[in-house]
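Encoded as structure tokens, the structure appears first; notes follow it.
The values are calculated or read from the model by the stated rules, or taken from the named source; none is laboratory data. Keep in mind that this is a model prediction, so the values were computed, not measured. Neighbour counts run over all protein chains shown; Cβ positions are idealised from the backbone, glycine included. Just the protein is used for accessible areas: all its heavy atoms, side chains included, with ligands, DNA and RNA removed. Shrake-Rupley method; radii C 1.70, N 1.55, O 1.52, S 1.80 Å.
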Amino acid sequence: MSELPASVRLALWATAAWNDGVSLREALARSFPDLDHVAGDLGRLEIWRDLGERALFVALPRPGDVSRMPLCSVPVAALAAEAGECVFVPSVGGLLIPSLTRFGPEGDRGWRVDWSAHDAEPVPGHRLEMVDLREVEGSLLSRLSDLTEAFERVGGTPWGPAGRAAAEESLDRRIWGLPDVLPVRALRVMALAATAGALAARAGGLTALGADGLDAGTSARRESLVRLLAAHADDALADAANVAVMSLAGWRKA
């Protein structure tokens with residue numbers, strides 16, 4: 001599986017299809033080159049296009065924080081938070097939530113994504129347009145610096161030359177399936193956020209975190225810092241992707 005969320009890729013490619021003449025069939029194929037089966041309520045993309053939507057946005061919510069999602073019912077927000085991602089349209093309202101699962105017999109397993117459509121409120125354009133890529137990048141770098149100091153105080157910093165090299169090596173941007181016309185700055189911020197996310201995933205999987213006879217308080221603090229790292233990475237990734245979406249749709253320059 002690619003480390004780039006399916007919703008990010010769908011938002012970028014569907015927006016490109018709505019504005020640059022790429023067919024939705026081709027957009028879907030390019031969105032998920034690493035998935036074996038794609039299904040669900042994707043016909044909603046044609047409906048939204050016919051209703052005049054030209055930009056498909058992404059949100060990466062998490063349990064306890066769905067603030068970047070459109071307003072919707074509590075069950076729908078919970079479903080999106082569990083999935084960790086969704087896409088939405090701002091004018092007519094509505095969103096799609098993916099469900100990633102493994103399928104097939106042992107020895108021949110594949111990945112599939114099924115999309116479910118749900119009602120949501122429209123989102124004012126100014127709320128989306130207020131994102132500034134320079135601020136997003138600067139904020140992420142500042143937060144990474146603060147987290148580095150916090151990790152050093154409790155021990156077990158998940159990065160450094162070796163950790164960062166391992167995280168960057170795990171990123172295979174060749175299978176991201178992104179349109180070629182993305183703004184350079186947006187792509188750079190997305191890459192930085194993806195690296196930070198990979199660091200968080202790597203740190204969360206290290207048995208050394210919370211081991212070595214450390215007390216429960218130190219272990220809990222480390223886990224909290226890892227969650228913060230993942231949250232900051234997701235927020236920056238969604239912001240950068242949405243700026244790219246607006247650029248593709250002709251709303252604004254990146």
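Rounded, prolate or oblate: pick one for region 1-124, where a ≥ b ≥ c are the square roots of the eigenvalues of its C-alpha gyration tensor, a/c under 1.5 means rounded, and failing that, prolate if a/b is larger than b/c, else oblate. It comes out oblate by the Cα gyration axes. Surface exposure of region 95-155, expressed per residue as accessible area with a 1.4 Å probe, stands at 59 Å². Ranked by the mean number of other Cβ atoms within 10 Å of their residues, highest first, the peptides 133-145, 6-18 fall in the order 6-18, 133-145.
Could you please state how large a percent of the accessible area of region 6-142 is carbon and sulfur, counting protein chains only and using a 1.4 Å probe? Don't skip to the answer; put the middle values down first.
Details: 3320 of 6610 Å².
For region 6-142, the apolar C and S fraction of the accessible surface comes to 50 percent.
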